[in-house]
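Presented below is the structure to which this report refers.
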Amino acid sequence: MRRPGMGELRLGVIPTALAVLPQITLPFADRHPQAVLHIQSMTSARILESLENLEIDLGVSYLGEEPLGRYRGLPLYAERYALLTGPGGPFADRENLTWAEAGSAPLCQLTPDMQNRRLIDHRLREAGVEPACTLVANSLLALFAHVGTGRWSTIAPVRLSEALDWPGRLRAIPLTDPEVTHEIGLILPARDTHAPLVARFLEEAERGAIGGADRLTEPSY
């Protein structure tokens, strides 16, 4: 007979939330060491499709940006943004930046099928800058590697830049004019009861496992 906490939990996660996810998965794994977590990186559209096809149990994606249909969202944290650049890159000596200034830097960004890219492009246009990237990738690791060369910069979530920062090679400069936030949360079927492992993961999320302010107080190396 299978004991409570055993089994597999399948998660579909937008790329920018992957580095934050351990703040939930680690305490969950501590409480349920025999559970297997299967995490896949997906676009926000693919997450909804995979939930519909029963290919995943839960998603982690943007809330309030796209209709969720028969699914509901459980807020986890607010995503804020910074310009990541090399120590000798554009604006490397600045305390903070406007979105218009960030848009003038040589940028590399995620591919347009990623909601993060679409949201950033929208904010740049609101600031009067037409987004212009000379390098696009569907991998954040690829973007960070290219920023590390000093040729490119990228606009990325603050939490991601803190989690994946390479000491001495990347600098995160907060974008504060305007300060933009987007809510990230769990996507789940809109029903009252869930499979036991899903319910336990939701309990972990509701404990507030992702805490702290999602902001930088000063540029960091």
Handout entry: Complete set of residues in the range 141-155 that are among the aliphatic types (A, V, I, L, M) and either assigned to a loop (DSSP other than H, G, I, E, B) or surrounded by fewer than 17 Cβ atoms within 10 Å (Cβ to Cβ) (or both)
Key = 141, 142, 145
Exercise for the section: Kindly indicate whether any position in the range 156-166 is in the same structural domain as residue 108 (by TED's automatic domain parsing) and either modelled with pLDDT of 90 or more or surrounded by fewer than 12 Cβ atoms within 10 Å (Cβ to Cβ) (or both). Expected result: yes
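Condition check ((1) closer than 23 Å to residue 143 by Cα; (2) modelled with pLDDT of 95 or more; (3) not in a helix (DSSP H, G or I)) across all residues:
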position	(1), (2), (3)
2	no, no, yes
19	yes, no, yes
28	no, no, no
36	no, yes, yes
40	yes, yes, yes
Exercise for the section: Pairs only if they're at least six apart or on different chains, beta carbon under 9 angstrom, first in the range 175-204 and more than 30 Å from residue 91 (Cα to Cα) and in contact (Cβ under 8 Å) with a residue 12 or more places away in the chain, second surrounded by fewer than 14 Cβ atoms within 10 Å (Cβ to Cβ) and of a type in the set (A, V, I, L, M); list them, first residue then second. Expected result: none
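To keep it simple, each residue is scored yes or no on (1) touching a residue at least 60 places away in the same chain (Cβ under 8 Å); (2) surrounded by fewer than 19 Cβ atoms within 10 Å (Cβ to Cβ); (3) in contact with a strand residue (DSSP E or B) (Cβ under 6 Å, 6 or more places away or on another chain); (4) not hydrophobic (A, V, I, L, M, F, W, C).
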{"site": "17", "(1), (2), (3), (4)": "yes, no, yes, no"}
{"site": "48", "(1), (2), (3), (4)": "yes, no, no, no"}
{"site": "59", "(1), (2), (3), (4)": "yes, no, yes, yes"}
{"site": "74", "(1), (2), (3), (4)": "yes, yes, yes, no"}
{"site": "124", "(1), (2), (3), (4)": "no, no, no, no"}
Practice task
State all residues of the range 106-140 that are assigned to a helix (DSSP H, G or I), charged (D, E, K, R) and farther than 23 Å from residue 13 by Cα; if no residue qualifies, say none.
Solution key: 125, 126
Practice task
Take residue 87 and decide whether it is assigned to a loop (DSSP other than H, G, I, E, B), loosely packed, with under 14 Cβ neighbours inside 10 Å and not assigned by TED's automatic domain parsing to the domain that holds residue 171.
Solution key: no
Practice task
Would you mind telling me which numbered condition in (1) hydrophobic (A, V, I, L, M, F, W, C); (2) out of contact with any helix residue (DSSP H, G or I) (no Cβ under 9 Å at 6 or more places or on another chain); (3) buried (at least 21 other Cβ atoms within 10 Å of the Cβ) residue 78 fails?
Solution key: (3)
Problem - Any hit, the range 105-122, residues being farther than 19 Å from residue 182 by Cβ, outside the structural domain of residue 23 (by TED's automatic domain parsing) and among the hydrophobic types (A, V, I, L, M, F, W, C) - result: yes
Problem - Check on residue 126, more than 30 Å from residue 52 (Cβ to Cβ), of a type in the set (D, E, K, R) and in contact with a Leu (Cβ under 9 Å, 6 or more places away or on another chain) - result: no
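The values are calculated or read from the model by the stated rules, or taken from the named source; none is laboratory data. For clarity, every value in this text was computed on a predicted model and none was experimentally measured. Neighbour counts are summed over all protein chains in view; Cβ atoms, including those assigned to glycine, are modelled from backbone coordinates with ideal geometry.
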